[in-house]
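In what follows, a structure is listed as C-alpha cells, so that the remarks can point back to it.
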Amino acid sequence: MRMTRSTFLKAVFGSVAAGVFSVAASTAMAQEVSPELEAWLQENALGTNAMVEENWDDIVARATQEGEVVVYSSSGRIAKLADHFQALYPGITLTLFDLGSVKTIEKTVREQDAGIFNVDVITTGNSGQVIYELLNNGRIFNYVPAHFADRIPQENQDPLLIRVNEAIVFFYNTDANPDGAPISNVWELTQEQYRGRVGIKDPMASGSSLMGLATLVQNPEEMAAAYERLTGEALVLGDGVPDAGYEFVRRLLANDVVIFKSGSKLADAAGAAGQDDAMIAMTNMTYISRNDSKGNVNAIMADLDPVSRMVYPTFMSIAANAPHPNAAKVFIAYLLGSPEMNLETVLDKPYLEGESFDMLQGLAPYHDAGSVSPRSDVPLPAGGEIWDEMKGWDITADFMWEQGPQLRDFWLIYSSQ
Amino acid sequence: MSDTAAPRGKPPFFSRQNMAYQVYRFKNKPEIIIGVLCLGFLSFVVLVPLLQIVKDAFTFQSYDLAYQRDGEVGAFTLLHFDRVFNQPISKALFVKPLINSLKMGFAVTLIAIFVGSSLAWLMVRTNVHFKGVFGAMLVFPYMMPSWVMALAWLSLFKNDRIGGSEGLLTYLTGVQVPDWVAYGYVPIVFTLAMHYYAYTYLLISGALATVDSELEEAGATCGLGKWKRIRVITMPLLMPALGSAVVLTFIRILGTFGTPALLGLPVRFFTFSTQIYASINARNQGDAYVLALVLIVLAISFIWINSRIIGVRKSYVTMTGKGFRKRESDLGKWRWPATILVILFLCMTVIMPLLLLLWESLTLIPGNYSLSNLTTYFWVGQGNVQLAYGEPGVIHNKGILGALGNSVKLGFMAALFNGALGLLVGYAVVRGRGAKLARWLEGIAFAPYIFPSIALGAIYIGMFSTNIGPVPALYGTFTILVLITVIKNLPFTSRTGIAAMLQIHQSLEETARVQGIGWFRRMFRIIIPLSMSGLVAGMLLTFITAMRELSLIILLISPGNMVLTGVIFGYQEQDMAQHSSAVTLMLVLIIITISVIVRLLSRSAGVGRLSAT
C-alpha cells in the first residue's frame, strides 16, 4: 500500500484514537475484574499480565496436559481444522460449537452469568458487542502469542486480536456490463436508473451487512463530498435525517433496494451469466469465489467514490476463567497460521491439503478471495489480490456500539415505508 | 396446630378424623391431585421463564446504552414499552407488522381449516379411493421444514425482481410473474396453509372417527337434510377439535418465522415474528421481549375467546358405553374426481418439494438442473478436498449419523413424556372443568406455545445451570433437550389430551369406580385406550416437531448432543446446498418412515379401530 498524505494523517489520528480508546478500555476492564479472576489472569499471564516473551514449548506442554480446547465460533468452517489440529498437537482435542455470531455472544454471557465456565476460545464478529459487552466487562481477554506480536499491525491486535478481516463490496455482472463497472460513485445507486436494481443482504439479520452500511454512515462528510462530486450540487437531507451517511441509506431504501436474506443467493442473483439487466449487489467479497463454484460472472467494483471496500473484522480471544487456558493459547496461535509462513510462501489450492495446509494451518479454511489474515506476512489469497487496490474504510467498535442501534432503527423505519 | 375441641361440632382440621376424610375426598378426586402436581411442575418450567421475560422487558439492557448513554444496566425502565408503543418507531416496529401478522393469521387459518377438514371428511367419512396411502401422505407436508415449500415456490415463480436464474414458469413460458404472486402476502399465506392444514386434518379426522354415525342417522330419521345434519349434529360435536385446530394454527402462524422471512423480505413484507427475531438477532432483548409479551397477550385472548365459545356448551361427549358405528357415505360419481383432486394436492404439497430436495442433493453445482450435472457424491462420497471442503457424503459421515441417532432419541423421548403429560393435563382439566385449577392448568399448559423459542432456550441456560433441590444441574445434558422440547410441545399434546378427554363420558370411569377399580387401572384400562387415537396423533406431532426443532435447542446443544437440524443449520451457514438438501431429505424420510410405522403398529394394536386412517 502506498502511503499518501491522507492515509498517513488517518494513521496518526487512528493511532491516537486507538491509544485513547485502549486506555479507556483498560480502566473499564480493571473495574470489572474480581480478585479471583485477577488471580486466574496472573496465573495464566493474561490480560494486563501478558508477557512480552513466552516459553512456547512450556505452553504447548501444559496445553497437552489440559487435553482439550473448547471453541465457540460464529463460523462453521473452523470445523475443517479438527483433524489437522489434533494431528499437529496430539493430545489436545478440539471441541467446536458452531453458533453463529449472535448465539456465540448470547451463550457466553448467559453461561458466565450462571457461573458456568466451559469455553476457552471465542471467535466472532460484531465489533461493538464483542468489545463493549465481552472485552470491557472482563468476559474475554485479549491474547496475542508473543512470537506473532511484531508480525501483526497494531490495529489488528489492539484492543483485540483479529482472526480474519473481510469486506462488504459491490459486485456487478460482467455479461451485462462488458465494458467494466457501470458506476463510479455509490450515490448512483440511489438514482432512478437503479430503482429496484440494487440488492443488499438484510442488515437487520446480518451483522456484516449492518457493519458495511455503518461504515458508510460513519463518514458523513466524505459521503456528502462524494455526492457533490457526482452531481455538482450540495446534498439536501430528508426530513429528520441527521447526516449524509443516513441520507444515503434513506435514498437507497427509497430507490426500492431489494433485500436478500442470504448473501450468497444475492451474489448468485447478481452474477448469473447471460443477464442483460442484472442487479448490483452489496454483499460479502468472499462470495466472488462463487464465480468458480457456481459459474457466476461477478466482478468487484474496485474504484468507487468515496469507498469500495467496507472492512469488518472477526476477533478471537480467551474467555474468562477458561478451563484450558494454555490449549486456548495454542489454538489461537494455530489460527494465525504457521510462523514459518512469509510473503514469499507459495500456497496452492486445495488449501486444506498437504504443505499449503501445514503453512496456513488455522487460516486454511478462510484463505479465500475476500478474506485477509491479520498478519502482515501472509500472501493474499488467489483471486483476492484486488484487496490492496481498493480504497477501504474500517468501522470502529465505538461507532457500532453507539450508532449501530440507531442505524437499525433508521433502517427499520425507512424500510417499512 | 390446635388440639382443642372444635367449637362448631366439626372436627378440627388437623384431627385424624378430618385428615382421613380429606384423604378419602381427595382419593375420589384424582384430578385435583394430578392438577396440583401438574400445575406445580408447569409453573416452574413455564412461569419462571415468563416472569423472566416480563422482568427483562422492564429492565435496562446493555444494548439500550446506545439510546441512553447514562442509563444503568439492570435498572427498571419503561424505555422498551415507550419504543414499541409510543415513539415514532412504533409504527414500523409494532403496528404494521402486527397488522400483517393478523392478516396472515386469519387467512392461513381459514384456508387451513377448510382444506384440513375437507380432507379429514374425505378420508374418514367417504369411500374415496386409496385411503390408506392418502391418509398417511396427507401429514407429510407437516413433516418437512416449512421453508421447503417456500423454496419450491420461489424456484417456480421467482421473477426478475430478485434476479439471477429464472423461475421455472418464466423459463417455460417467458412470462414474468407479477411481484404479488412471487413474493409477499399471497405466497406466504398459500405456502403456510399448505403446511399447517395438517393440524386441522389430524385433529378433525381424530374427532370425526369417534363421532357415532348413529347420531347422524337419527337426524336423518327425523327428516333432517344432509347439510342440516352436518350443521346441527356433526359440526357441534367437532367443535372442541375445530377450536383446538383454530387456536393451534392461528397462534403458530403469528409466531412463524422462516417462510415470511424468505418470501416477505424481497417486497419488505415484515411480520411480528420477523421483528422479534430481528430484535433478538441484534441482542436487543428489551424490544424483543415486549413484542413477545404482546404475542403472549394476543394468544391468551384468543384462547379465552375459544374457551368461551367451546366452554359454554355442556357436552361434547361422543364416547359412551353404548353402541358405536362408523358409516362411510358413498361419493357416487364424485368418487374418482375426489380421488384425483387429492392426488393433485399431494403432488403439489409432497411430491414436488421432495423431488426438489432430492434433485438439489444430486447436483454437482447447485442450481444447475441439467442431467450432466448429476452426481451421487454428496450421498456416498468418501470425502474429497476438492468438493464441499472435503466433507464426506451422508452415508460415510460420522457427524451426520451420530446426530441422526440423537435426533431420533430426542423425538421418541419427547413424544413419550409429552403423551403422558398431555394425558394427565387433559384429565385434570376436563374432569375438573369449571374449577379455577382447571382453567389455570389449561392456560399454563398452552403458554409455551407462544414463547419465542430462542428466548426460552436462553432462559433455560440460567435456570438449569445449578442444581435445584434434588435435581442436579441439567445444563449440558441430554435431559435438558428433552425437557425443553417436552415443554415447548406441551400445547399440542395438552390440546389433544383435552380434546380426547372431552369425548369420554365420565360414566365409563364411574362404572369402573363403582366396582372398586383403582385409579391406575381405570387409567390404563379405560381412559388411555379410549383416548389413544387422539393421543397418538398428539405424540406423533411432538415427535415430528422435536425432530425438526432448531432454534429452541441451539443454545443448549453441545457437540456430543448434536442433532440433525443443527447439522443442517451448519451446512446452510456454509452454503453447502447439496449436503443441507441431502440431510433435510434424510430427516424428512426418517420422520415419514417412523410415523408410518407408528401408524401401522397402532392400527394393528387395535387403536386403528378409532383412528382416522
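Using a simple spin-label model with pseudo-atoms 7 Å out from Cα toward Cβ, residue A:64 and residue A:175 lie 5.6 nm apart.
Note on segment A:205-272 and segment A:33-88: Cα centroid distance 40 Å, given to the nearest whole angstrom.
The label-point distance for residue B:68 and residue B:352, in a model that sets each label 7 Å from Cα toward Cβ, rounds to 5.2 nm.
Hydrophobic, long helices, defined as DSSP H runs whose alpha-carbon span along the helix axis is 30 Å or greater and whose mean Kyte-Doolittle value is at least -0.5, occur in chain A at A:5-32. On the beta carbon distance between residue B:47 and residue B:558, with R0 = 30 Å, the FRET formula returns roughly 0.65.
For segment A:156-172, putting each phi into the Karplus relation 6.51 cos²θ - 1.76 cosθ + 1.60 with θ = phi - 60° gives couplings of 8, 10, 9, x, 9, 5, 8, 7, 7, 9, 10, 9, 8, 9, 10, 9, 10 Hz, in residue order, rounded to whole numbers and with x for Gly and Pro.
Let me confirm one metric for peptide A:407-416, namely the mean number of other chain beta-carbon atoms within 10 Å of its residues' beta-carbons. Could you put the intermediate results ahead of the total?
Working: counts 1, 8, 10, 2, 2, 10, 6, 1, 4, 12.
So the per-residue partner count for this stretch is 6.
Under 12 Å from the Cα of residue A:391, which aspartates and glutamates turn up, not counting those fewer than eight places away in the same chain? Within the straight-line cut-off, residue A:391 pairs with A:303, A:305.
Available extension along the chain between residue B:517 and residue B:416 is 33.8 nm, counting 0.36 nm per residue and deducting the alpha carbon span.
In the elastic network of chain A, a GNM with C-alpha springs shorter than 10 Å, the most mobile of A:37, A:160, A:380 is A:37. Sorting B:19, B:137 by solvent-accessible area of protein heavy atoms yields B:19, B:137, largest first, with a 1.4 Å probe.
Taking a ≥ b ≥ c as the square roots of the eigenvalues of the Cα gyration tensor, segment A:26-164 is rounded, since a/c falls below 1.5.
Between B:280, B:48, B:500, whose Cα lies farthest towards the positive end of the dipole of chain B when Lys and Arg beta carbons carry +1 and Asp and Glu beta carbons carry -1, centred on the Cα centre? Working it through, the farthest residue towards the positive pole turns out to be B:500. Restricting the calculation to Cα atoms, segment A:205-269 yields a radius of gyration followed by a Dmax of 13.4, 36 Å. The slack in the chain from residue B:175 to residue B:304, taken as 0.36 nm per residue of separation less the alpha-carbon distance, amounts to 41.7 nm. Each residue, residue B:471 and residue B:364, gets one label point 7 Å from its Cα in the Cβ direction; the gap between the two is 5.4 nm. For residue B:33 and residue A:48, what does the FRET efficiency come to when R0 = 56 Å and r is the distance between their Cβ atoms, rounded to the nearest 0.05? After rounding, the FRET efficiency stands at 0.40.
Among the DSSP helices (H) of chain B, those spanning at least 27 angstrom by Cα along their long axis with an average Kyte-Doolittle hydropathy of -0.5 or more are B:96-125, B:185-209, B:235-255, B:285-311, B:398-431, B:478-502, B:528-548, B:577-604; this is a geometric and hydropathy rule only. Semi-axis lengths, largest first, of the ellipsoid equivalent to segment B:109-201 are 31, 14, 12 Å, with √(5λ) applied to each eigenvalue of the Cα gyration tensor. With the convex hull drawn over the C-alpha atoms of chain A, the volume per residue is 146 Å³.
Within the listed set A:389, A:247, A:340, the residue fluctuating most in the Gaussian network model of chain A (springs between alpha-carbon atoms under 10 angstrom) is A:340.
In the context of the full protein assembly, residue A:268 retains an accessible surface of approximately 20 Å², using a probe radius of 1.4 Å and ignoring ligands and nucleic acids. For residue B:80, the accessible area of its heavy atoms, probed at 1.4 Å with every protein chain present, is near 0 square angstrom.
On full extension, the segment bounded by residue A:154 and residue A:225 gains 22.6 nm, given 0.36 nm per residue less the C-alpha separation.
Name the shape class, rounded, prolate or oblate, that the alpha-carbon gyration tensor gives for chain B, where a ≥ b ≥ c are the square roots of its eigenvalues, rounded holds for a/c under 1.5, and otherwise prolate holds if a/b is larger than b/c and oblate otherwise. Numbers along the way, then the final one.
Numbers: a/c = 1.67, a/b = 1.22, b/c = 1.37.
Because a/c hits 1.5 or more and a/b fails to exceed b/c, chain B counts as oblate.
Residues whose amide H falls under 5 Å from that of residue A:163, counting only those 5 or more places apart or on a different chain, are A:314, A:315, A:316, with hydrogens built in the peptide plane. Shape class of segment A:266-417 from the alpha-carbon gyration tensor: oblate, with a/c at 1.5 or above and b/c at least as large as a/b.
List the relative contact order of segment A:74-115 as a percent without decimals, with contacts defined as Cα pairs under 8 Å and 6+ residues apart.
The normalised contact order for segment A:74-115 reaches 48 percent.
Let's test the formula: R0 of 60 Å, r as the Cβ-Cβ distance of residue B:598 and residue B:82. What FRET efficiency results, to the nearest 0.05?
Once the sixth-power term is evaluated, E becomes 0.75.
Overall dimensions of the protein assembly as shown, expressed as equivalent-ellipsoid semi-axes from the Cα gyration tensor (√(5λ), whole Å, largest first), are 53, 35, 28. Calculated over segment A:94-192, the projected area of the Cα convex hull averaged across directions stands at 11.1 nm².
Of all the options A:64, A:231, A:123, the one that moves most in a Gaussian network model of chain A with Cα springs shorter than 10 angstrom is A:231.
The values are calculated or read from the model by the stated rules, or taken from the named source; none is laboratory data. Computed from a prediction, not measured in an experiment: that's the story for all the values here. We place every Cβ from the backbone using ideal geometry, glycine too, and count neighbours over all the protein chains shown. The protein model used for the area step is the full one, side chains on, heavy atoms only, and it has no ligands, DNA or RNA in it. Shrake-Rupley method; radii C 1.70, N 1.55, O 1.52, S 1.80 Å.
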